[in-house]
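Participant: My questions all concern the structure below.
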Amino acid sequence: MQITKDVKFLTSLQSTLEFIAKDSLNQALLFNSELNKKIDDLKFMPFKFRKSLYHFDENIRDLIYKGYCIPYLVEDEKIVILNIFKNNQER
């Protein structure tokens, strides 16, 4: 299964990492590394996480990591990472 990352996800991730890096660059790098491991694990169990609370599509799931919601779409042989946000941020 192939994993692709939407442009909105990449820009939101960049903003999130910059915010974390203001406090600690090492924590931002660790966050990015661990998040990428979680995303790579989706290849083996794409429906592991709950149905999205923000979308009405059975194939959109919410990966929750350290208080951040990462919605992703499961298609035939492809997973598209859509976004990353906290509950109090824009979706």
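Taken together, the values in this text are just the output of simple stated rules run on the coordinates, not laboratory data. Note that the structure is predicted; figures quoted are calculated from it, not measured. Positions of Cβ are backbone-derived with ideal geometry, glycine not excepted, and every protein chain shown enters the neighbour counts.
Participant: Which residues, taken from segment 6-53, are over 14 Å from residue 79 (Cα atoms), surrounded by 15 or more Cβ atoms within 10 Å (Cβ to Cβ) and more than 11 Å from the chain's Cα centre (by Cα)?
Facilitator: 16, 17, 20, 21, 28, 31, 52
Participant: Somewhere in segment 77-88, is a residue within 14 Å of residue 2 (Cα to Cα), exposed (fewer than 13 other Cβ atoms within 10 Å of the Cβ) and without any contact (Cβ under 8 Å) to a residue 60 or more places away in the chain?
Facilitator: no
Participant: Let me ask another. Residues 36, 32: which one is free of Cβ contacts under 8 Å to residues at least 12 places away in the same chain and polar (S, T, N, Q)?
Facilitator: Criteria check complete, one pass: 36.
Participant: Take segment 1-29 and flag every residue that is in contact with a strand residue (DSSP E or B) (Cβ under 8 Å, 6 or more places away or on another chain) and either free of Cβ contacts under 8 Å to residues at least 24 places away in the same chain or over 11 Å from residue 84 (Cβ atoms) (or both).
Facilitator: Matches in segment 1-29: 1, 2, 3, 4.
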